[in-house]
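The values are calculated or read from the model by the stated rules, or taken from the named source; none is laboratory data. Predicted, not measured: the structure shown is a model, and the values here were computed from it. Virtual Cβ from ideal backbone geometry, glycine too; neighbours counted across all protein chains shown.
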Amino acid sequence: MNSIYILWLRELKRYSRSRAQIVASMAQPLLYLLGLGFGLGPVFRSAGHGSYLQFIAPGVIAMSVLFSSIFSGIVLLWDRQFGFLKEILVAPVPRTVIMVGRTLGGATVAMLQGLLVVIVCLIAGFRPVSLAAIPVALFYMALIAIVFGALGTAIGSILQDMQGFQLIMNFLVLPIFFLSGALFPLTNLPGPMMVVTHLDPLSYGVDGLRGALIGISQFGTVVNVTVLAFAGAVLLALGSRLFSKIQL
C-alpha cells in the first residue's frame with residue numbers, strides 16, 4: 001500500500017507541474033459545451049426535450065475525465081522514450097503495484113480536471129437537481145477515470161512509440177466518446193447502433209452522471225455501477241498483465 005501511495009503522489013506531482021496542459025485540456029470541453037450546448041439548444045428544445053445544456057453537461061464532464069485518464073496512461077510512452085520508466089521499473093516493487101499507482105494517480109488528475117469542467121458548466125448555466133448529487137457524480141467520475149486510466153496503461157504498454165497515438169485517438173477514443181450518448185439520447189436508435197452503444201463502458205458512466213446530476217437515467221444505478229466496476233476490474237487486470245511484460 002505504501003508503494004501505491006508513493007506512486008500515486010508521484011503522478012500527482014508530475015501533473016501538477018503541467019498547469020499549461022491542464023488549462024489546454026479545458027479547450028475541447030468548452031468547445032462542446034458552449035458551441036453545441038447553446039448552438040443546438042433551440043433545436044433540442046423545439047423537439048420537446050428541454051434544455052440541451054442540461055443534457056450535454058454530464059456528457060462533457062465525462063468526456064473530460066475520459067480524455068485525461070486515457071492520456072495519462074499513454075504518457076507511459078514518453079516515460080519509456082526518455083528513460084523515466086526504466087528508473088521506476090528497477091525499483092524493488094512489483095510491476096502490478098506500479099501500474100495501479102500510476103492508474104490511480106492519473107485517475108485523480110482526471111477527476112480534478114472533471115471538477116474544473118463542472119465549475120465551468122455551472123458558470124455557463126448548468127444546474128444539478130441538488131447539491132447532494134455532487135458526491136454521487138464524483139463517484140461516477142472516479143469509476144470512469146479508473147476504467148479508462150487502466151485502458152490507457154494497457155494501450156501504452158503495447159505501443160512502442162508515439163506513431164500509433166493518432167490511430168488510437170481516431171479509432172478508439174473518439175468512437176468511445178461519440179457512441180456513449182454524451183451528445184445525444186440513446187433511445188430510438190437503429191438496432192446495430194444500439195448494440196454498439198450498450199457495449200461502450202462510457203455509456204454507463206455518462207448515464208450515471210446524467211442520472212445523478214439531472215435525474216435522467218436509462219440503465220439505472222445498479223446497472224451503471226456494476227458495468228463500470230466490472231470493466232474497471234477487467235482492464236486493471238489486463239493493464240497489469242501487459243505492463244508486467246514491458247521490455248526495456
Boolean, L151 is crowded, with 20+ Cβ neighbours inside 10 Å and touching a helix residue (DSSP H, G or I) at 6+ places or on another chain (Cβ under 6 Å): yes
Hey, L159 of a type in the set (A, V, I, L, M, F, W, C), over 19 Å from A62 (Cβ atoms) and either more than 19 Å from the chain's Cα centre (by Cα) or at pLDDT below 90 (or both) or not: yes
So, of the residues in region 187-218 that are among the aliphatic types (A, V, I, L, M) and closer than 20 Å to A110 by Cα, which turns out to be nearest to the chain's Cα centre (by Cα)? L202
Taking region 37-67 and keeping only residues that are touching a helix residue (DSSP H, G or I) at 6+ places or on another chain (Cβ under 6 Å), at pLDDT below 80 and part of a helix (DSSP H, G or I), one is left with G37, G41, F44
Just give me the residues in region 195-248 being touching a Phe, Trp or Tyr at 6+ places or on another chain (Cβ under 8 Å) and among the basic types (K, R), in sequence order. R210
Across region 58-99, what is the total count of residues that are closer than 14 Å to L151 by Cβ, β-branched (V, I, T) and surrounded by fewer than 24 Cβ atoms within 10 Å (Cβ to Cβ)? 2
Out of (1) in a helix (DSSP H, G or I); (2) in contact with a helix residue (DSSP H, G or I) (Cβ under 9 Å, 6 or more places away or on another chain), what's the single condition that is false for A182? (1)
Considering only region 148-170, state which residues are in a helix (DSSP H, G or I), more than 25 Å from A233 (Cβ to Cβ) and not aliphatic (A, V, I, L, M). Q163, G164, F165, Q166, N170
How many of the residues in region 127-139 are surrounded by 14 or more Cβ atoms within 10 Å (Cβ to Cβ) and either touching an Asp or Glu at 6+ places or on another chain (Cβ under 9 Å) or among the small types (G, A, S) (or both)? 2
Counting only residues in region 167-214 that are at pLDDT 85 or above and among the polar types (S, T, N, Q), the one surrounded by the fewest Cβ atoms within 10 Å (Cβ to Cβ) is identified as T197
Provide a single number: the residues in region 185-209 that are outside any helix (DSSP H, G or I), closer than 23 Å to M141 by Cβ and touching a helix residue (DSSP H, G or I) at 6+ places or on another chain (Cβ under 7 Å). 2
Filtered residues of region 111-144 (kept if in a helix (DSSP H, G or I) and among the hydroxyl-bearing types (S, T, Y)): Y140
If the requirement is being assigned to a helix (DSSP H, G or I) and surrounded by fewer than 23 Cβ atoms within 10 Å (Cβ to Cβ), which of these qualifies: T108, T103? T108
